[in-house]
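Report on one structure; see the data block that follows.
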Amino acid sequence: MPDFRITSWSSNGESNDEHIPKNPGHTIMSGKTDEIKGRIKEAAGALTGNDALRDEGKTQQAVGEAKQFVEKVAETVKKTVDDITKKVTN
């Protein structure tokens, strides 16, 4: 996936381009890693009777799942914008 730019306009009408590097799969992998680490922490907490560690693991799993969800939504939005752009320019 190539890098892309977001353009916004200030109140005085000047454009403000922001370069955003895109590393495909990075967020999904990070999310998956968080989810796995969370499962390990939850299991370790359950085995040792450490409720705080178990809760931390559950939280980390939720964070990982949220990261994966956000990345999927971002990919869908980008694909939709690309499709619309192609239709408008053709």
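FYI, it's all coordinate maths here, none of it is from the lab. Note that the coordinates shown come from a computational prediction; the quantities given were computed from them, not determined experimentally. Every residue, glycine among them, receives a Cβ derived from its backbone with ideal geometry; neighbour counts consider all protein chains shown.
Here is how the numbers come out for the structure above:
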{"item": "Per-region count, region 31-77, residues within 13 Å of the chain's Cα centre (by Cα) and of a type outside the set (Asp, Glu)", "result": "16"}
{"item": "Residue satisfying condition, being loosely packed, with under 15 Cβ neighbours inside 10 Å and part of a helix (DSSP H, G or I), within set Lys86, Lys32, Lys41, Lys67", "result": "Lys86"}
